[in-house]
Amino acid sequence: MTLPRTVADVLSRHVSFEIESIDRMYLNVYQPRLQHTGGAAGFFVGHRGFTYASSALMAQMTEVFVADLHHFIAVHDLPLVHFAKGQRKDDVLHEYLTGHDGSEGVLSVGRAQEKTTVISSVRRRNPVTGAAYAWLVHTSALVNQFYVYCFDDDFGPFFIKFCSYFPFTARLCINGNEWAKRQVAKAGIGFTALDNGFAAVDDPVAVQAICDRLGPERIDALLRKWLRILPHPYTVADQAAGYRYEISILQAEFSLTQMLDRPVSGRIFFEQVIRDNLDIGRPDQVGLVFNRRVVTKGRFKTPGRFNTRIVTIGVIPSLHVDYKHNKIKQYHKEGRALRTETTINDTRDFGINKGLNNLPALREVGFSANRRLLRVQRISHDPITGADAFSTINNPIDVDGQHAAALRFGDPRSQALLATLLTFRLHPGGFTNRDLRIHLAGLLGADPDTWPAGRATYDLRRLRLHGLIQRIPHTHRYQITNAGLHHALFLTRVHDRLIRPQPPTSPTPTRPADHRYEPPPMPTTTRLTTSPDTQD
């Protein structure tokens, strides 16, 4: 088997199999009715029948809940770990997982003091009568958090973190790849485990179908199951009255694991990707990968950062692309697989609410972003794409009796047209003749006001007949096609990297100094066969 030479070659010929799966999820477990002070007052006064709501009543609930937790720990003979400041809590979980027999149950409980938002009461006075009264406010406090590490028959290792103070908000952390491995084992499908995925599988299609089954219902069922097992901060009467935990998404990772035939394939991939995609974090490229409009100027400028980072741990590099609060990470996993994973830290960046029921829409965003990143990386290296782009654009074309001139590679006007198309890709409403004139004239150093509209019409006709753009029905607006995006991106990159501007012809102050440092030409003899054009 020959070695791969390009990114496209690695992805097309050296991937043994690939699996898409929800990876880690960090979920918010909260009481919807107790997220505001009015709801808290209604809980104590309207539901529990007290005359007022105060921190004293909340402290009583904390004492009961913490006592129940300690009783649960003692009855089940569980280790209670006191986390030190800065200690990695996952490392503690891995210690208790080592040698675990796979049976369902609680492994350990950890306690740490963390700052969080709670509801508390402050004393205020009536400005007229001077009488004191309790008033509920949101405040920040350093309170005990209890990490309950469990092993579930379906999900494997996970943890629930309970805040020990009202309104007792919790966090649920699961791993979708671990869930998938448990389900694949139950289905009797042979596989070899990767650290966080699959290194080999007997039936990739069946494994992918299992990964696709993880949804909101299964995650919600996991929470309900363990809330019945573990101590609960709210009584049965509270839950019957509607004070029931709900789930929202704080962070979700969506991974695509492509198992490579040899480690060298992964090294070649990253050598090519890092060299040629350092600019993929620009707003226009990030907008393409995440399929979101990015505005860099004006009143409606898109907030957030857009950049590319290369992080090297030892000798293993990873590529990070940031978009607002979200990112894509790409790395060589265990020297065996190409892992591309999108981490979404704020669902509202994509117009999606945080409720767990929106997970299907969110997974579509995450998995699509992974695929788009690989597609963009493939475009600039695929020789088939390159040959198609050259033949499509660099030759004249006749369509239904209409003739269109070629867009000659290297011609300044043709290259400016292709670069302009990449800008218009981010315009969901398309672009007009005037939009083309403004951008095209700017790239060519001309005045847009003096650029003839007929010349722009001629260019629009060329682009349309070559299949790079299409007219939006019943309008005078145009939009770039998928083929147009691929061809424009490929040819602009090739032009920028292979064809360099000629040095200025006018003398410059640094040119004489440069000539002084140039080595003299090597003498030639009759025995040399080197032509003058190749001499130093």
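Observations on the model:
- Condition check for residue 16: surrounded by 12 or more Cβ atoms within 10 Å (Cβ to Cβ) and not in a helix (DSSP H, G or I): yes
- Residue check, residue 184 more than 24 Å from the chain's Cα centre (by Cα), in contact (Cβ under 8 Å) with a residue 24 or more places away in the chain and closer than 27 Å to residue 335 by Cα: yes
- Scope the stretch 216-256; condition touching a helix residue (DSSP H, G or I) at 6+ places or on another chain (Cβ under 9 Å), open to solvent by 10 Å² or more (accessible area, probe 1.4 Å) and under 16 Å from residue 180 (Cα atoms); matching residues: 216, 218, 253
- Within the stretch 323-338, tally of residues that are open to solvent by less than 20 Å² (accessible area, probe 1.4 Å), of a type outside the set (S, T, N, Q) and under 19 Å from residue 362 (Cα atoms): 2
- Of the candidates 114, 104, 95, the single residue that is at pLDDT below 95, farther than 23 Å from residue 225 by Cβ and in contact with a Cys (Cβ under 9 Å, 6 or more places away or on another chain) is 114.
- Qualifying residues in the stretch 201-215 (those that are within 17 Å of residue 256 (Cβ to Cβ) and among the hydrophobic types (A, V, I, L, M, F, W, C)) - the one most open to solvent (accessible area, probe 1.4 Å): 205
- The condition of being touching a residue at least 60 places away in the same chain (Cβ under 8 Å), assigned to a loop (DSSP other than H, G, I, E, B) and either touching a helix residue (DSSP H, G or I) at 6+ places or on another chain (Cβ under 8 Å) or acidic (Asp, Glu) (or both) holds for only one of 162, 168, 198, 158, that being 168.
- Scanning the stretch 88-120 for residues that are without any contact (Cβ under 8 Å) to a residue 12 or more places away in the chain and at negative phi yields 88, 90, 91, 94, 95, 98, 101.
- The stretch 206-224 residues that are over 16 Å from residue 252 (Cα atoms) and touching a residue at least 60 places away in the same chain (Cβ under 8 Å), paired with ones that are part of a loop (DSSP other than H, G, I, E, B) and of a type outside the set (Asp, Glu) (beta carbon under 6 Å, 6 or more apart): 222/155
- Residue in the stretch 117-126 that is assigned to a loop (DSSP other than H, G, I, E, B), open to solvent by 30 Å² or more (accessible area, probe 1.4 Å) and at pLDDT below 90 present: yes
- In the stretch 127-145, residue least open to solvent (accessible area, probe 1.4 Å) [restricted to those that are among the polar types (S, T, N, Q) and modelled with pLDDT of 85 or more]: 145
- Within the stretch 52-71, residues that are more than 22 Å from residue 39 (Cα to Cα) and modelled with pLDDT of 95 or more reach partners that are open to solvent by less than 70 Å² (accessible area, probe 1.4 Å) and of a type outside the set (Val, Ile, Thr) with beta carbons closer than 6 Å, at six or more positions or on different chains, in the pairs 66/164; 68/231; 69/146; 69/231.
- Within the stretch 5-50, considering residues that are free of Cβ contacts under 8 Å to residues at least 40 places away in the same chain and touching a helix residue (DSSP H, G or I) at 6+ places or on another chain (Cβ under 7 Å), the one nearest to residue 359 (Cα to Cα): 39
- Residues that are open to solvent by 70 Å² or more (accessible area, probe 1.4 Å) and either over 30 Å from residue 124 (Cβ atoms) or assigned to a helix (DSSP H, G or I) (or both), drawn from the stretch 47-69: 60, 63, 64
The values are calculated or read from the model by the stated rules, or taken from the named source; none is laboratory data. Remember, predicted model here, so these are calculated numbers, not experimental data. Neighbour counts run over all protein chains shown; Cβ positions are idealised from the backbone, glycine included. Each accessible area value is taken on the protein alone, full model and side chains, heavy atoms only, with ligands, DNA and RNA left out. Shrake-Rupley method; radii C 1.70, N 1.55, O 1.52, S 1.80 Å.
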